[in-house]
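**Student:** Sharing a structure here in structure tokens format.
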Amino acid sequence: MTISNQTKDNSNQQASAHANGKHLPGIASLSTQDFKAHRDSFFANMADNSIAFFAAATEVTRSNDTEFSFCQNKNFYYLSGFNEPDALLVLLKREHSQQTILFSLPKDKNQEVWHGRRVGQEQACSVYGVDQCFTLDEKDQHIAEYLNGITQVYFTFDDQPLTQTVFAWLAKVRATIRQGTKAPSKVVDASPIINELRLIKSDNEIEVMRQVNYISCLAHQRAMEKTQAGLYEYQIENEIRHEFTRHGARYAAYATIVAGGDNANILHYTDNSETLNDNELLLIDAGGELAGYAADITRTFPVNGKFTAPQKALYQLVLDSKSSVIEAIKPGVTFAKLNEIANQELTTGLYNLGILSGDLATLIAEKACKKYFIHGLGHWLGLDVHDVGDYHINQDKAQLREFAQGMVLTIEPGLYMPLDDTELDAQWRGIGIRIEDNIVVTEQGYENLTADCPETINDIEALMAR
Ligand code: GLY
Ligand code: MN
Ligand code: MN
């Protein structure tokens, strides 16, 4: 794979950084300083005399005595970089000071022999740059002290266990008011603050996302090279996983979709249990996770390496619409504008192929392509694959927000023509196509993080003919 990055402005410095070998396995991660910067940004949004609580994730049982791979709570991770379960991060802002306190599992020889190493409290301060660290057992006592004299409390209201715990702490502090304690009177949802912070990525976050895209592009390329009729979809899933882990992306960011033929018309097809058939397309939606950050890439290609005429016609249409949409991305543009472009191109293309009929202007006005393009055009991307951040500029959801430098989003037009749709001419049935790229909004335009992933008909056919 050639290493180059499509840019519309002068971000070429990054492309040469790649050529200098920055894409070695597993090197991309955020530093203690990055996480401290995230905390400082959150502190800057807190009122004086306030406190914020963020809870780590807890292990989730898969079945008796076995757990799913641990996935840290992304808000907690964004503010701490700490990857153990059950911890609690406290941001305490008094009038002239701000303090970060971590509560975590204690060092415990027996537990660690069975379940793995723990950082413990001594090391946590230096490794994670927090001011103090205590064991979880010490939590209630310290928090009762912190809450005395605080006026407002921040936590994410969608975290139910944390919400319950915070209200229990508040009740406990209120119960001691006669002894002179001053209990907080206001609770504030931390989500809008942290979501906005997470929406705008720093240069270092973008570099991690560049690398996880690079790795994920290699995985898609490997899938194209390994695909042949008769294999099971899950065998291709395994090739993808192999390439992710080979380059340091230990986990997939979401359940990989390997959907042969008509399975591509099931949007979240993750069974990956069927065999691949000659003359059918294969849709793969797969992205690795690196240092917590996701890639979300889709490619669609022929199982036997050669597009049929109807597959080619629909594929080129989706590809052209993706290119036109991406070309329009820059600060100030909205998803509404991009949807207009996608609708214009897809509806006109479907009309030209005879799939939509009637008056073209009316079809465009009615967004007729939505009959076959049945999902959204894209979404924010970051620590979560469907990342946090408001899509609208105000509470009444009337207007989509403008793009700004540092936002990362997917662009993923698709066309879905199910096998059982008898309204369609037979040649189109059983074709499902999506092509999905990851885009950074730059100062004057965009950077396509997915530009190295083969997508033109010529490139795909050439690669698969090897
Ligand atoms: N992989 C999920 C999505 O494309 O949104
Ligand atoms: Mn997506
Ligand atoms: Mn996807």
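**Student:** Could you give the length gained on full extension between Ile393 and Lys306, defined as 0.36 nm per residue of separation minus the Cα-Cα distance, in nm?
**Tutor:** Numbers: separation 87, 0.36 × 87 = 31.32 nm, distance 4.50 nm.
This chain segment gains 26.8 nm when fully extended.
**Student:** I want the antiparallel fraction of DSSP beta bridges within the chain, as a percent rounded to 5.
**Tutor:** Values: 47 of 58 bridges.
The antiparallel proportion sits near 80 percent.
**Student:** If I fit a long axis through the Cα atoms of helix 309-327 and take the longest principal axis of the Cα atoms of the chain, what angle between them do I get, 0 to 90°, rounded to 10?
**Tutor:** It is inclined by approximately 40 degrees.
**Student:** Which of rounded, prolate, oblate describes the stretch 69-119, given a ≥ b ≥ c as roots of the alpha-carbon gyration tensor eigenvalues and a/c under 1.5 marking rounded, otherwise prolate only if a/b is larger than b/c?
**Tutor:** Taking the square roots of the gyration eigenvalues as a ≥ b ≥ c, the stretch 69-119 is oblate.
**Student:** Okay, next question. Among the lysines, select those whose C-alpha is under 16 Å from the C-alpha of Lys186, and discard any that sit fewer than 8 residues away in the same chain.
**Tutor:** The reachable lysines, counting only those whose Cα sits under 16 Å from Lys186, are Lys93, Lys172.
**Student:** While we're here: Which value at 222 nm does the chain reach when only helices count, each DSSP H run of 4 or more adding -39,500 (n - 2.57), with the total divided by all residues and rounded to the nearest 500 deg cm²/dmol?
**Tutor:** On the way: 14 runs with 165 residues, N = 466.
Value at 222 nm, helices only, nearest 500: -11000 deg cm²/dmol.
**Student:** Based only on other Cβ atoms within 10 Å, what is the fewest-to-most ordering of Ser321, Ser216?
**Tutor:** Details: Ser321 27, Ser216 31.
Listing Ser321, Ser216 from fewest to most nearby Cβ atoms yields Ser321, Ser216.
**Student:** Now for a separate question. From the mean inverse distance of alpha carbon pairs (Kirkwood) and the Cα radius of gyration, derive Rg over Rh for the stretch 404-466. Write down the numbers at each step before the final one.
**Tutor:** On the way: Rg = 16.5 Å, Rh = 14.4 Å.
The Rg/Rh ratio comes out at 1.15.
**Student:** Can you compute the charge dipole magnitude of the chain about its Cα centre, using +1 on each Lys and Arg Cβ and -1 on each Asp and Glu Cβ, nothing else charged? Give it in debye, rounded to the nearest 20.
**Tutor:** Values: 40 positive and 62 negative charges, 222 e Å.
For this selection, approximately 1060 debye.
**Student:** Using the charge dipole of the chain (Lys, Arg: +1 at Cβ; Asp, Glu: -1 at Cβ; taken about the Cα centre), state which of Gly332, Ala365, Leu105 has its Cα farthest towards the positive end.
**Tutor:** Checking the options against the dipole of the chain, the answer is Leu105.
**Student:** State the answer as a single residue: which of His242, Asn277, Phe301 lies farthest towards the positive end of the charge dipole of the chain, with beta carbon charges of +1 for Lys and Arg and -1 for Asp and Glu, about the Cα centre.
**Tutor:** Positive-most Cα among the choices belongs to His242.
**Student:** Okay, next question. How big is D for the stretch 254-381, in µm² s⁻¹ as a whole number, if Stokes-Einstein is applied with the Kirkwood radius of its Cα pairs at 10 °C and 1.306 mPa s?
**Tutor:** On the way: Rh = 16.3 Å.
D = 98 µm²/s.
**Student:** Normalised by the residues of the stretch 110-203, what does the relative contact order come to in percent, with Cα pairs under 8 Å and at least six apart?
**Tutor:** About 27 percent, as a whole number.
**Student:** With +1 on the Cβ of every Lys and Arg and -1 on the Cβ of every Asp and Glu, and nothing else charged, how large is the dipole of the stretch 23-178 about its Cα centre, in debye rounded to the nearest 20?
**Tutor:** On the way: 14 positive and 19 negative charges, 45 e Å.
My answer is approximately 220 debye.
**Student:** Over the chain, what is the relative contact order in percent, taking alpha-carbon pairs closer than 8 angstrom and at least six residues apart? Show your work: numbers first, answer last.
**Tutor:** On the way: 919 pairs, mean separation 73.8, N = 466.
Normalised by residue count, the contact order of the chain is 16 percent.
**Student:** Using the Cα centre of the stretch 217-276 as the reference point, and only Cβ charges (+1 on K/R, -1 on D/E), how large is the resulting charge dipole? Debye, rounded to the nearest 20. Mind dumping the intermediate values first?
**Tutor:** Working: 5 positive and 8 negative charges, 69 e Å.
It works out to roughly 340 debye.
**Student:** So what's the net charge close to Lys306: Lys and Arg +1, Asp and Glu -1, counting the other residues with Cβ under 14 Å from its Cβ? Kindly include the intermediate steps, with their values, before the conclusion.
**Tutor:** On the way: positive: Lys312, Arg466; negative: Asp278, Glu280, Asp459, Glu461.
Net charge in that neighbourhood comes out at -2.
**Student:** So for the chain, Kirkwood radius off the Cα pairs, Stokes-Einstein at 37 °C and 0.692 mPa s: how many µm² s⁻¹? Spell out each step's value before the answer.
**Tutor:** On the way: Rh = 24.3 Å.
Calculated translational D: 135 µm²/s.
**Student:** For Lys330, give me every one of the lysines with a C-alpha distance below 28 angstrom, ignoring sequence neighbours fewer than eight places off in its own chain.
**Tutor:** Within reach: Lys8, Lys22, Lys74, Lys201, Lys322, Lys367, Lys370, Lys397.
**Student:** Near Arg434, within a Cβ-to-Cβ distance under 12 Å, what is the net charge of the other residues, with Lys and Arg +1 and Asp and Glu -1? Walk me through the intermediate numbers first.
**Tutor:** Working: positive: Arg299, Lys322; negative: Asp285, Asp296, Glu412, Glu436, Asp437, Glu455.
Residues close to Arg434 contribute a combined charge of -4.
**Student:** Still on this structure: Going by a 4.7 Å Cβ-Cβ cut-off, which cysteines of the chain have no partner at all?
**Tutor:** Lacking a cysteine Cβ partner under 4.7 Å: Cys71, Cys125, Cys133, Cys369.
Computed from the coordinates by the stated procedures, all read-outs in this text should not be read as laboratory data. All figures in this text were calculated on a predicted structure; none of them were measured in a lab. Ideal geometry is used to build each Cβ from the backbone, glycine not excepted, and the neighbour counts take in all protein chains shown.
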